[in-house]
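Asker: Before anything else, here's the structure in question.
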Amino acid sequence: MALHIQLSEDAEKEYNRAKMRGALSSFGAATALCLAFGLTLTFTVIYYAQDPPAEFLAYVPPAEDLPPRNQPTTPQLSSKAATPSNTVAPSVIVSTGAAPVAMAQIDIPMEDSEDDGLSIDIGIGLDTGLGEDLGDSGGGMGSSQESGSALRGTLYDLKQSKGGAPTKVAQGDKANANELYAVISGYLKNWSPSALARYYKAPTELYASNFFLPVANASLAPDAFSCKGKVKPAGWLVVYRGKVKAPVDATIRFVGTGDDFLAVRFNGKTVLEGGYRLPSRYSRENPGAVRISGAEGQAYRKAIREGKDRDHKGYEFIKYPGIDTWNDEKTEIGGLTAGAPVKVKEGSVYPIEIAITEEGGKFGFVLMWENMTDNPVMKDGKLQSGKKFYIFRTNFSAPTKEDTLKLIGPHAVKKDGKPMLEWPEFDPDSPIWVAVP
């Protein structure tokens, strides 16, 4: 006999509610467990499953384990002698840990110039390993090969425009001196190439390292600048431009002359005018005042000696051995002209321009200099016994009479059937003004 117990209606409702609560609790617990597992898995993958990043350490093997090798030295830009850099062993890169890669340090010491004006202090010169690379060519009007240490020269024909039309300077096979020096006077006011822009310019430029060509026919210049036939041997102007490094720390002055005219602009100022004419004195009202020879020259020299010429303070006129013809004051140049003293700092770089012109006939020029601080050639207005000026040069070139006559060749000026030279002697140990690009 079976016994059946029938739940009451209230009891059955309570049982169903309890059953629902249990199902919901189980579902919530399962959901929470799944969410926790997912978060744990994500965290593990992101932060622990990735490969560690590559790290670098610089390893330098011992020098004795390296094969023998020659390490080139690096010249330093300095006004002092460069020292060879130490041999540096090659670095081996090993991927182990994060660290900076070691590199050799490069030191470039630079010194500020204390000079006023346009001077720049930069170390390029004999003491930085250039040595024989300075070259020893570039005499006369210069070389067409740009090499070594030299100034760049340009020839302008003031007798014709750049298109070939004759100008007021043209006067047959010669130049109109008044018009010629009117142009040059305008140019020397600020030495701007734009003042010569309207005139014919030779297609070839030359590179000169010394300025020592005592007496040749004026046809030498057009031939040298590859414009023979295009430019007649008169009324031309050659300008050499560049920058040079002073070889001394001293007060110096340029000494020289030109037939017909030579001028030097140094560090932005005209410091020397020499020759038959003084273009800076030119005026339309009194063109004869530019002459240095004759009565005008005598008056000019007197004003210089008495200190009354404000434009040429410190100038001197020197009767120099070896230029007997040029020493004549009445018909010739009256010797060499010493220009205005200037202070230079050894190793500093200065802009320089040298202008040479010829009216027609024979021409020549000489440019030297004097160290007034350490090696004065002049004392009390006179040459000291045995003293010679330095030749101005930018490399190892030193002209000789034999080489100069070969260079002049068919353009030589002859006297009594023999080639003629004015030859002022210079100090063979002349320091070098290294030309800086």
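Asker: Report, in debye and to the nearest 20, how large the dipole of region 143-207 comes out about its Cα centre when Lys and Arg carry +1 and Asp and Glu carry -1 on their Cβ.
Answerer: In debye, rounded to 20, region 143-207 gives about 220.
Asker: Here is a follow-up. Enumerate the calculated ³J(HN,Hα) couplings along region 323-337 in order (Karplus 6.51 cos²θ - 1.76 cosθ + 1.60, θ = phi - 60°), each rounded to whole Hz, writing x wherever the residue is Gly or Pro.
Answerer: Running phi through 6.51 cos²θ - 1.76 cosθ + 1.60 with θ = phi - 60° gives 10, 4, 5, 5, 5, 5, 7, 7, 10, 10, 7, x, x, 8, 10 Hz.
Asker: Let me cross-check residue 372: its accessible surface, 1.4 Å probe, with only protein heavy atoms counted, in Å² to the nearest 10?
Answerer: Accessible surface of residue 372 is approximately 70 Å².
Asker: Quick one: what do you get for region 249-326 if you divide its Cα Rg by 2.2 N^0.38 Å?
Answerer: 1.13
Asker: Here's another thing I want to ask about it. Looking at region 395-437, I'd like the Rg to Rh ratio, where Rg is from alpha-carbon atoms and Rh is Kirkwood's inverse mean 1/r. Each step should come with its number before you reach the end.
Answerer: Details: Rg = 13.8 Å, Rh = 12.6 Å.
On the Cα set of region 395-437, Rg over Rh gives 1.09.
Asker: What size of dipole, in debye to the nearest 20, comes out for region 341-419 about its Cα centre when the only charges are +1 on Lys and Arg C-beta atoms and -1 on Asp and Glu C-beta atoms? Don't skip to the end; give the middle numbers.
Answerer: On the way: 13 positive and 10 negative charges, 60 e Å.
Charge dipole of region 341-419: 280 debye, to the nearest 20.
Asker: Amide H neighbours of residue 348 under 5 Å, at least 5 residues apart or on other chains, H built in the peptide plane: list them.
Answerer: 246
Asker: Further question: How many nm is it between the label spots at residue 346 and residue 146, if each spot is 7 Å from the Cα in line with the beta carbon?
Answerer: Output for this residue pair reads 3.2 nm.
Asker: Heads up, I need the accessible area for residue 396: 1.4 angstrom probe, whole protein in place, Å², nearest 10.
Answerer: 80
Asker: With θ taken as phi - 60° and the coefficients 6.51, -1.76 and 1.60, list the Karplus ³J(HN,Hα) couplings across region 393-399 in order, rounded to whole Hz; mark glycine and proline as x.
Answerer: Coupling constants for region 393-399: 9, 10, 8, 7, 5, 8, x Hz.
Asker: Of 382, 319, 406, which has the most accessible area and how do the rest follow, probe 1.4 Å?
Answerer: If we order 382, 319, 406 from most to least accessible, we get 406, 382, 319.
Asker: Out of every Cα-Cα pair in region 324-437, what percent are more than 20 Å apart?
Answerer: 54
Asker: Oh, and also: Would you mind listing how long region 373-413 runs along its three principal axes, going by Cα atoms, in whole Å with the largest first?
Answerer: The Cα atoms of region 373-413 stretch 42, 25, 14 Å along the principal axes, largest first.
Asker: If 302, 313 are ordered by their accessible area, calculated over protein heavy atoms with a 1.4 Å probe, which sequence runs from highest to lowest?
Answerer: Values: 302 105, 313 130 Å².
Sorted by accessible area, descending: 313, 302.
Asker: So, one more: Taking the Cβ of residue 374 as the centre, find all other residues whose Cβ is under 12 Å away and add up their charges (Lys, Arg: +1; Asp, Glu: -1).
Answerer: -3
Asker: Follow-up. Using Cα-only point scatterers and the Debye equation, what is log10 of I(q)/I(0) for region 160-256 at each q in 0.11, 0.19, 0.20, 0.23 Å⁻¹, rounded to two decimals?
Answerer: Result of the Debye calculation: -0.41, -1.12, -1.22, -1.48.
Asker: Now for a different question. Would you list the P(r) distribution for region 350-392, with all Cα-Cα distances sorted into 5 Å bins from 0 and each bin expressed as a whole %?
Answerer: Pairs per bin, as whole percents: 5, 16, 20, 17, 14, 16, 9, 3.
Asker: May I pose another question? Output the pairs from 330/415; 343/382; 387/415; 319/345; 302/414 with a Cα-Cα distance over 26 Å in this structure; if there are none, say none.
Answerer: Going by Cα-Cα distance, 387/415; 319/345; 302/414 fall outside the 26 Å limit.
Asker: Label-point separation (nm) for residue 295 and residue 16, each offset 7 Å from Cα along Cα-to-Cβ?
Answerer: Calculated label separation equals 14.9 nm.
Asker: So for region 131-177, averaging the separation of alpha carbon pairs under 8 Å that are six or more residues apart and normalising by length, what relative contact order in percent results?
Answerer: Relative contact order here is 21 percent.
Asker: In what order, largest first, do 404, 373, 325 sit by accessible area if the probe radius is 1.4 Å?
Answerer: 373, 325, 404
Asker: Once you list every other residue whose beta carbon is under 14 Å from the beta carbon of residue 309, what net charge do they have if Lys and Arg are +1 and Asp and Glu are -1?
Answerer: For residues surrounding residue 309, the net value is +2.
Asker: Now, a different point. Spin-label point model (7 Å from Cα, Cβ direction): what's the residue 384 to residue 283 distance in nm?
Answerer: Reported label-point gap for residue 384 and residue 283 is 4.1 nm.
Asker: What's the extension gain from residue 251 to residue 29 if we count 0.36 nm per residue and subtract their Cα-Cα distance?
Answerer: So the chain would gain 69.9 nm between residue 251 and residue 29.
Asker: Note down the net charge around residue 324, summing +1 for each Lys or Arg and -1 for each Asp or Glu among other residues with Cβ under 12 Å from its Cβ.
Answerer: Within the 12 Å Cβ shell, the charges total -1.
The values are calculated or read from the model by the stated rules, or taken from the named source; none is laboratory data. Since we're looking at a predicted model, the values are computed, not measured. Note that we place each Cβ from the backbone using ideal geometry, even for glycine, and neighbour counts take in every protein chain shown. Each accessible area value is taken on the protein alone, full model and side chains, heavy atoms only, with ligands, DNA and RNA left out. Shrake-Rupley method; radii C 1.70, N 1.55, O 1.52, S 1.80 Å.
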